[in-house]
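Notes follow once the structure below has been shown.
The values are calculated or read from the model by the stated rules, or taken from the named source; none is laboratory data. Every value quoted in this text rests on a predicted model; they were computed, and no experiment measured them. FYI the Cβ positions are ideal-geometry reconstructions off the backbone, even for glycines, and counts take in every protein chain you see. These accessible areas exclude ligands, DNA and RNA; they are computed on the full protein's heavy atoms, side chains included. Shrake-Rupley method; radii C 1.70, N 1.55, O 1.52, S 1.80 Å.
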Amino acid sequence: YIRDELNFDAAINYKSTPDLSQAVAEACPQGVDVYFDNVGGEILDATLRHINQRARIVICGMIAEYNLEKPPVGPRAGRYLLVNRARMEGFIVFDYRQRYAEGLNALAEWLRGGQIKYREDIVEGLENAPRAFLGLLNGKNFGKLLVRVSGTD
């Protein structure tokens, strides 16, 4: 789906790939210039090993670490950022609230023009919301997970 329908050059399933660093190296043989991360954890660690000089890393979330009882011990980003003179910066959508209308207009135009594609995974009935939520946490959905609570479309 990612390669064929969304036209990306490569895709890595970080949950089922045994050697993430090798997978990043294969997917990005020229190295990584820009990386947008909302997972964190092992995929971020693996990607940082392959960043290019002056790379830019955007951190938008850390879902892999949200429910940990204590911070994981592992590779530290500092060395990779230092030697590659790269930049890592946090991104919180609320920092851009004054541009929401502009963003919504641009996104709507891109959606109408086909530049943005999306998938929805719709679960029927509020009574199925708990099951849907557990499935979300276990990666069972494909696309944006929605729960339809009424019979209208």
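Two numbers describe the Cα atoms of segment 79-150: Rg and Dmax, which are 18.2, 55 Å. Within the chain, the selection of entire DSSP H helices by a Cα span of 18 Å or greater along the long axis and an average Kyte-Doolittle value of at least -0.5 returns 100-113.
Once C-alpha pairs closer than 8 Å and six or more residues apart are averaged by separation and normalised to the residue number of segment 75-153, the relative contact order reads 25 percent. Distances between placed amide hydrogens fall under 5 Å for Ile51 paired with Val32, all partners being 5 or more residues away or on another chain.
For the chain, the mean residue ellipticity at 222 nm estimated from helices alone is -8500 deg cm²/dmol, where every DSSP H run of n ≥ 4 contributes -39500 (n - 2.57) and the total is divided by all residues, rounded to the nearest 500.
Under a Gaussian network description of the chain, with springs only between Cα atoms under 10 Å, the residue in Asp37, Asp45, Asp19 that fluctuates furthest is Asp19. A Gaussian network model of the chain, with springs between Cα atoms under 10 Å, assigns the largest mean-square fluctuation among Ala55, Ala23, Ala101 to Ala101. In segment 25-153, a dipole from Cβ-located charges (positive for Lys and Arg, negative for Asp and Glu) runs towards its positive end, and of Asn52, Leu136, Leu68 it is Asn52 whose Cα lies farthest in that direction.
Note on Lys140: lysines with a C-alpha under 17 Å away, same-chain residues under 8 apart excluded, are Lys15.
Ligands, DNA and RNA left out, the 1.4 Å accessible surface of the chain is 54% carbon and sulfur atoms. Spin-label pair Leu134-Arg54: with each label point 7 Å from Cα along the Cα-Cβ axis, the two points sit 5.1 nm from one another.
Just the Kirkwood number for the chain, please: inverse of mean 1/r across all distinct Cα pairs, in Å, one decimal.
18.3 Å
Over all Cα atoms in segment 10-75, the spread is summed up by Rg and Dmax: 11.9, 37 Å.
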